[in-house]
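Some notes on the structure that comes next.
The values are calculated or read from the model by the stated rules, or taken from the named source; none is laboratory data. What you are looking at is a predicted structure, and each value in this text was computed from that prediction instead of being measured. Cβ sites come from the backbone with ideal geometry, for glycine too, and all protein chains shown count toward neighbours.
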Amino acid sequence: MTAHPSPGAALPTGGTAHPVDRLRPRRSCLAVPGSNPRFLEKAQGLPADQVFLDLEDACAPLAKPEARHTIVKFLNEGDWSGKTRVVRVNDWTTEWTYRDVVTVVEGAGQNLDCVMLPKVQDAQQVVALDLLLTQIEKTMGFEVGRIGIEAQIENARGLNNVNEIAQASPRTETIVFGPADFMASINMKSLVVGEQPPGYPADAYHYILMKILMAARANDLQAIDGPYLQIRDVDGFRKVATRAAALGFDGKWVLHPGQVEAANEVFSPSQEDYDHAELILDAYDYCTSEAGGKKGSAMLGDEMIDEASRKMALVIAGKGRAAGM
Ligand code: GLV
Ligand code: MG
């Protein structure tokens, strides 16, 4: 454990080791307002890896109670095959969170993969959600610990605590960056989400994205970048997504059908890189084998490859295989 033992570590969900799936493809995570049946219908036909049905900021306060039931109905009756199904509840500082979780998970827990918790500030908030999920799973006779958690980092306190947050529950599958709320929380002088603030000559998001990525990777979780709000500017989306993908992020939110294909492409390796990665794996397998002379390294064209090359190639090949290349 770390110097800051996380309460979650002392409170395992159900005794089983990580029944949640941290390897689901999440290149494109489609946001769908839980209060909009037309969008909920349409989302089912889009090629997003994940959908998240939103009870938080895309849902007006007065619409939230009905949206909970709309989400239950769409999870149970919709065709979400091939997609990871997530519901974003409201954060723990509101009065809505527990009823969001109870209504959605009791009503559709067996057709739900993860609950996304926004504006997470510390490990205790994740533990609280874990405990509530466990109670509901036990009450309903569901498998305990199957429903995962996505923890959204959207303010300075959350970022400071991100490593403890990442360790707080065995249910956690991803750490998600929420740029809009984050920019507001640190008083960033910009109104365009994901764009660099005017007047700052470097990448204002580098530290934030890296810190989230490190916490995710140190704890075997996925790292997901948040939304790009200029939904008609697909080139702008591509630019911001490419920046996160280059660092190692696994995917990004999409708010519009036009962003879905772009995200799937940006977060998949190019065909050339994928083919090269498979070649490295084959060449390394051969050189380490009996027939290949049990060597620890070999030449592939002009390139020397060894065990570290194999690991790098596995990352690219793994993403490509997941993308069906
Ligand atoms: C998403 O929730 C954001 O605040 O960017
Ligand atoms: Mg937000």
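General remarks:
- Scanning region 95-116 for residues that are under 16 Å from residue 146 (Cα atoms), outside any loop (DSSP other than H, G, I, E, B) and not β-branched (Val, Ile, Thr) yields 106, 107, 108, 109, 110, 111, 114, 116.
- Some residue of region 40-56 being surrounded by fewer than 14 Cβ atoms within 10 Å (Cβ to Cβ), hydrophobic (A, V, I, L, M, F, W, C), closer than 23 Å to residue 119 by Cβ and within 16 Å of ligand 2 (Cβ to nearest atom): no
- One residue from 214, 210, 188 being over 16 Å from the mean Cα position of the chain (by Cα) and not β-branched (Val, Ile, Thr): 188
- Only listed residue being modelled with pLDDT of 95 or more, crowded, with 19+ Cβ neighbours inside 10 Å, more than 16 Å from ligand 2 (Cβ to nearest atom) and within 17 Å of the chain's Cα centre (by Cα), chosen from 167, 152: 167
- Filter result for residue 13 (more than 17 Å from residue 257 (Cα to Cα) and either assigned to a helix (DSSP H, G or I) or modelled with pLDDT of 95 or more (or both)): no
- Within region 223-278, the set of residues being assigned to a loop (DSSP other than H, G, I, E, B) and either out of contact with any Leu (no Cβ under 8 Å at 6 or more places or on another chain) or surrounded by fewer than 17 Cβ atoms within 10 Å (Cβ to Cβ) (or both) comprises 226, 230, 231, 232, 233, 248, 250, 256, 267, 268, 269, 270.
- From the options 245, 216, 323, residue that is modelled with pLDDT under 95, of a type in the set (A, V, I, L, M) and more than 16 Å from ligand 2 (Cβ to nearest atom): 323
- Pick from region 279-325, criterion more than 31 Å from the chain's Cα centre (by Cα) and assigned to a helix (DSSP H, G or I), ranking: surrounded by the most Cβ atoms within 10 Å (Cβ to Cβ): 284
Residue by residue, here is whether (1) touching a residue at least 60 places away in the same chain (Cβ under 8 Å); (2) among the charged types (D, E, K, R); (3) on the phi > 0 side of the Ramachandran plot holds:
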position	(1), (2), (3)
192	no, no, no
199	no, no, yes
211	no, yes, no
225	no, yes, no
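- Yes/no for residue 144 being of a type in the set (Val, Ile, Thr), surrounded by fewer than 20 Cβ atoms within 10 Å (Cβ to Cβ) and either part of a helix (DSSP H, G or I) or at pLDDT 95 or above (or both): yes
- Residues (surrounded by 21 or more Cβ atoms within 10 Å (Cβ to Cβ) and in a loop (DSSP other than H, G, I, E, B)) located in region 171-197: 171, 178, 194
- Test: residue in region 190-197 that is of a type outside the set (S, T, N, Q) and under 22 Å from residue 85 (Cα atoms): no
- Residue list for region 112-134, restricted to those being within 20 Å of residue 22 (Cβ to Cβ) and either more than 16 Å from ligand 1 (Cβ to nearest atom) or of a type in the set (Gly, Ala, Ser) (or both): 112, 113, 123, 126, 127, 129, 130, 133, 134
- Pairing residues of region 83-96 that are touching a residue at least 12 places away in the same chain (Cβ under 8 Å) with residues that are assigned to a loop (DSSP other than H, G, I, E, B) and among the aliphatic types (A, V, I, L, M), at Cβ distances under 7 Å and at least 6 apart in sequence or on separate chains, gives 83/48; 85/112; 87/55; 87/112; 88/55; 89/55; 90/55.
- Here region 166-185 is the region considered, the condition is being within 13 Å of ligand 1 (Cβ to nearest atom) and of a type outside the set (A, V, I, L, M, F, W, C), and the residue that is nearest to residue 113 (Cα to Cα) is 178.
- Residue match in region 290-309 (condition: of a type in the set (S, T, N, Q) and farther than 25 Å from residue 82 by Cβ): yes
- Evaluated against (1) assigned to a helix (DSSP H, G or I); (2) surrounded by fewer than 20 Cβ atoms within 10 Å (Cβ to Cβ); (3) in contact with a Lys or Arg (Cβ under 7 Å, 6 or more places away or on another chain); (4) of a type in the set (Val, Ile, Thr), residue 136 falls short on exactly one condition, (3).
- Of the numbered criteria (1) within 18 Å of residue 90 (Cβ to Cβ); (2) without any contact (Cβ under 8 Å) to a residue 12 or more places away in the chain, the one residue 54 fails is (2).
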